[in-house]
Amino acid sequence: MGAVERDGEFVVTRGDGAWIWGADGRRYLDATAGLWFTNVGHGRAEIADAVAQQIGRIAAYSTFGDYAVDTTVALADRLAAIAPVPGSKVFFTSGGSDSVDTAVKLSRRYWRECGQAGKTIVIGREKAYHGMHVAGTALAGIPVNHEGYGELMPDVRTVAWNSGKALLSAIETHGADSIAAFFCEPVIGAGGIYPPPDGYLDEVRRICREHDILFVADEVITGFGRIGGAWFASTRFDLQPDIMTTAKGLTSGYVPMGAVLVAPRVAEPFFDPNGGVWWRHGYTYGGHAAAAAAAMANLDIIERESLLTASARLEKTLHDKLAPIAAHPAVAEVRSGTGAVAAVQLTDASAALPLARSLRGQGIATRAVGSGGIQISPAFVITDEQIEQLVAGIVAALG
Ligand SMILES: Cc1ncc(COP(=O)(O)O)c(C=O)c1O
């Protein structure tokens, strides 16, 4: 805020594909797809038309109780059809933090309905980011994000981000009968882009299954193709999550929306036709019809243009093209190769913010991520030529 007070904002006025334009009249390569959301690229008139058409018909209605709008129902059916666990139910939210809050409440409530009210602890990982609501802030593993609020939520534990043994030892310490859920980003995003170590996801998934702890995949970043070749990282890595949180790529950010996909096991107590539990939880704009229309058009584009395949290709291109940068003396490592995401980690973490700013001088819009990383997570429609420009810009700015 101080920097903005001193230097002013960087104001964006429009976008097209992987380009954005600043109020300064210059064009910039959008290296981050906004905040990891513009999977289909900017400026899609098709999404604008779908939203306009929906608003003209009915923009939104209550989705509480048995109310629903047809477009929202169609989207729920479509998401259920691509869910990593067949038969999943869909709970709509207004974004990723809502999705995480929903998953925390649902995991605790589920166990109570199963007669195990003592299962309340939620476990997160170091470096993890789960949004900015109270539950997500408490659960996250980025210490600076917790500072200044006191204890936000009871019964939260954090384990090492890269060790199944650490999860196991937390289970031994607290007892599986006191643990509701383990929250896991398949690829850590805002904490600095850390792909999972080999075998890690399989191991923690197995541990959760063996100890009857719900496995919650936070796919707010990784969902909708970001982890190339599949709709979800959970599909690609066969995680079969009990609960999966999503947002961002669901609408490519054209309209805010999130969704929580709930496996039949967890949904079942609430959907019992002979007196399912009334879960008093929901958001005014959950299932917003204009957002649902944006999501439908966005998913149409991903399917029609084979953008899941494009993202798989982008994963490899980014990995190959960024690899030489690791040799630069100012660079500690380049983390890439799992999904269409990468981080250029600087040896001097404090240099990341100024570098991200100076990259604008090279016509590249990005930001610092984690502790001393530069974020790269472009739209799936970015061209090879634009990637060359991105890499050249980073090399020039490092110089
Ligand atoms: C993994 C993860 N979970 C949750 C969130 C929160 O989403 P939102 O900012 O839409 O509330 C984010 C946002 O970046 C995220 O990366």
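The values are calculated or read from the model by the stated rules, or taken from the named source; none is laboratory data. Being a predicted model, the structure only gives us computed values, none of them experimental. Counting neighbours? That spans all protein chains shown, and the Cβs are built from the backbone with ideal geometry, glycine included. SASA here: full protein model, heavy atoms, side chains in, ligands and nucleic acids out. Shrake-Rupley method; radii C 1.70, N 1.55, O 1.52, S 1.80 Å.
Which condition breaks for residue 254 when tested against (1) within 25 Å of residue 208 (Cβ to Cβ); (2) within 16 Å of the ligand (Cβ to nearest atom); (3) part of a loop (DSSP other than H, G, I, E, B)?
(1)
Identify the single condition in (1) open to solvent by 20 Å² or more (accessible area, probe 1.4 Å); (2) within 26 Å of the chain's Cα centre (by Cα); (3) among the charged types (D, E, K, R) that residue 5 does not satisfy, given that it satisfies every other one.
Of everything listed in (1) open to solvent by 20 Å² or more (accessible area, probe 1.4 Å); (2) within 26 Å of the chain's Cα centre (by Cα); (3) among the charged types (D, E, K, R), residue 5 misses just condition (2).
Yes or no: residue 47 open to solvent by less than 40 Å² (accessible area, probe 1.4 Å), more than 16 Å from the ligand (Cβ to nearest atom) and touching a residue at least 40 places away in the same chain (Cβ under 8 Å)?
Here the answer is yes, as residue 47 does meet what is asked.
Residues 124, 118: which one is closer than 30 Å to residue 198 by Cα and either touching a Gly at 6+ places or on another chain (Cβ under 8 Å) or in a loop (DSSP other than H, G, I, E, B) (or both)? If you could, list the steps in order and put the result at the bottom.
Working: 118 fails: closer than 30 Å to residue 198 by Cα.
It is 124.
Which one is modelled with the lowest pLDDT among residues in region 92-149 that are more than 14 Å from the ligand (Cβ to nearest atom), open to solvent by 60 Å² or more (accessible area, probe 1.4 Å) and among the hydrophobic types (A, V, I, L, M, F, W, C)?
Only one residue tops the list, namely 144.
Being closer than 30 Å to residue 14 by Cβ and surrounded by fewer than 21 Cβ atoms within 10 Å (Cβ to Cβ) is the filter here, so list the residues in region 256-282 that pass it. If you could, list the steps in order and put the result at the bottom.
Going residue by residue through region 256-282, those that are closer than 30 Å to residue 14 by Cβ are 256-259.
256 - this is the single residue of region 256-282 that is closer than 30 Å to residue 14 by Cβ and surrounded by fewer than 21 Cβ atoms within 10 Å (Cβ to Cβ).
Would you point out the residue of region 150-167, among those that are open to solvent by less than 60 Å² (accessible area, probe 1.4 Å) and either within 15 Å of the ligand (Cβ to nearest atom) or in contact with a helix residue (DSSP H, G or I) (Cβ under 7 Å, 6 or more places away or on another chain) (or both), that is farthest from residue 100 (Cα to Cα)?
164
Looking only at region 59-83, how many residues end up being open to solvent by less than 50 Å² (accessible area, probe 1.4 Å) and farther than 24 Å from residue 232 by Cβ?
4
Can you tell me which residue in region 221-247 is nearest to the ligand (Cβ to nearest atom), limited to those that are closer than 19 Å to residue 104 by Cα and open to solvent by 10 Å² or more (accessible area, probe 1.4 Å)?
It comes out as 221.
What are the residues in region 177-203 that are surrounded by fewer than 18 Cβ atoms within 10 Å (Cβ to Cβ) and without any contact (Cβ under 8 Å) to a residue 40 or more places away in the chain, if any? Before the answer, list the steps.
Filtering region 177-203 down to residues surrounded by fewer than 18 Cβ atoms within 10 Å (Cβ to Cβ) leaves 177-178, 197-199, 202-203.
Hits for region 177-203 are 197, 198, 199, 202, 203.
Among all residue pairs at least 6 apart or on different chains, which show Cβ distances below 9 Å where the first residue, located in region 95-117, is within 15 Å of residue 258 (Cα to Cα) and without any contact (Cβ under 8 Å) to a residue 24 or more places away in the chain and the second is not aliphatic (A, V, I, L, M) and not in a loop (DSSP other than H, G, I, E, B)?
Every condition considered, no pair remains.
Quick one: residue 88 ticks every box in (1) away from the ligand (no atom under 16 Å from the Cβ); (2) within 21 Å of the chain's Cα centre (by Cα); (3) more than 17 Å from residue 289 (Cβ to Cβ); (4) open to solvent by 40 Å² or more (accessible area, probe 1.4 Å) except a single one, so which number is it?
With respect to (1) away from the ligand (no atom under 16 Å from the Cβ); (2) within 21 Å of the chain's Cα centre (by Cα); (3) more than 17 Å from residue 289 (Cβ to Cβ); (4) open to solvent by 40 Å² or more (accessible area, probe 1.4 Å), residue 88 is out only on (4).
Any chance region 113-124 includes a residue that's of a type in the set (S, T, N, Q) and closer than 22 Å to residue 267 by Cα? Can you show your working first?
Applying the first criterion (of a type in the set (S, T, N, Q)) to region 113-124 yields 116, 120.
Still in the list and also closer than 22 Å to residue 267 by Cα: 116, 120.
Scanning region 113-124 turns up at least one residue that is of a type in the set (S, T, N, Q) and closer than 22 Å to residue 267 by Cα.
I'd like the full set of residues that are open to solvent by less than 20 Å² (accessible area, probe 1.4 Å), under 15 Å from residue 376 (Cα atoms) and part of a helix (DSSP H, G or I), limited to region 307-358.
311, 314, 318, 322, 325, 352, 355, 356
Let me confirm something: among 215, 183, which residue is in contact with a Cys (Cβ under 9 Å, 6 or more places away or on another chain) and within 16 Å of the ligand (Cβ to nearest atom)?
Every option except 215 fails the conditions.
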